[in-house]
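Below: one structure, written as structure tokens.
Rule-based calculations on the coordinates, nothing more; no lab input. As the structure is a computational prediction, the values presented were derived from the model and not from experiment. Every residue, glycine as well, gets a Cβ built from its backbone with ideal geometry; the counts of neighbours run over all protein chains shown.
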Amino acid sequence: MHSEKETLSNQTRVSHPIYNLLPAGIEGFDSLAELALDMHWSWNHATDEIWRHLDPELWEVTHNPWVVLQTVSGEQIERTLADPAFRETVDSLVEASRQATEAPAWFQKNHPQAPLTCAAYFSMEYMLSEALPIYSGGLGNVAGDQLKAASDLGVPVVGVGLLYQQGYFRQLIDRDGAQQALHPYNITIPDSCRSRRCGRQTGSGCGWRSAYLVTRSGCAPGRRRSAG
């Protein structure tokens, strides 16, 4: 009989070209990728120590798990995952995330027979994290908070917006006191991605021109949640 940790580590990986660029063959890497692609980290910081442990300097600069995974060498990832304590922490976080996904939230408890299966939330911007610069000001703040709240409550909502190649600019003041605007390339989400999570729910897709962010409850007719 396999242990629960072995089961977590042996989950079938979602097939996607982006894995060709990452050390996906390393045992335990799938668990790290699952945690990194769960947007719940943007307001629940239980996984922060994982990314800080992999590369403390990069994490402090970016606060972006996916960038950490893309940047840290395969040797470093493999060496870190070989640490039993680190591996146990990762597997525990993955298990907790999956259990939270399956647990009924407020919407399922209070409206079990609700006819609502999916609501679309359209916004030009969403402020979920500084690591995902697809926002600018107040509109993104409100939309992001509402999407996060819907996720925690289990309300089946899909946020539809724009995945800006160059989003919110970075401001700096030069030696002459003049403002300079830097527009870093948005590498947080690859343009070809097809599986992302907002909150604890999988099933969102995103494209070059549009981004779809799904709450933890998902929007699949006849199902409270998607698996994965």
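Here are some notes:
- With K and R counted +1 and D and E -1, the other residues having a Cβ less than 12 Å from that of GLN180 yield a net charge of 0.
- Phi-derived couplings, Karplus 6.51 cos²θ - 1.76 cosθ + 1.60 at θ = phi - 60°, listed residue by residue for region 141-158: 4, 5, 4, x, 5, 5, 5, 5, 5, 4, 5, 5, 7, x, 6, x, 10, 10 Hz, with x used for Gly and Pro.
- Where trypsin sites (Lys or Arg not before Pro) fall in DSSP loop in region 117-189, at most 14 other Cβ within 10 Å: ARG175
- Point-to-point label distance, GLN113-GLU49, nm (Cα→Cβ direction, 7 Å offset): 4.6 nm
- Amide hydrogen proximity for MET127: with H placed 1.01 Å from N in the peptide plane, the residues at 5 or more positions away or on another chain lying under 5 Å are ASN141, ALA143, GLY144, ASP145.
- Gained length - THR89 relative to GLU130, 0.36 nm times residue gap less alpha-carbon distance: 12.2 nm
- Region 30-95: chymotrypsin sites (Phe, Trp or Tyr not before Pro) in DSSP loop, at most 13 other beta carbons within 10 Å: none
- Built amide H within the under 5 Å cut-off of GLY159, gap 5+: TYR121, LEU213, VAL214, THR215
- Length gained on full extension, THR71 to ASP145: 23.7 nm, using 0.36 nm per residue less the C-alpha separation.
- Given their separation in residues at 0.36 nm each and the Cα-Cα distance between them, GLU102 and ARG170 gain 20.6 nm when the chain is fully extended.
- Sum of side-chain charges, LEU139 neighbourhood, beta-carbon under 14 Å (Lys, Arg +1; Asp, Glu -1): -2
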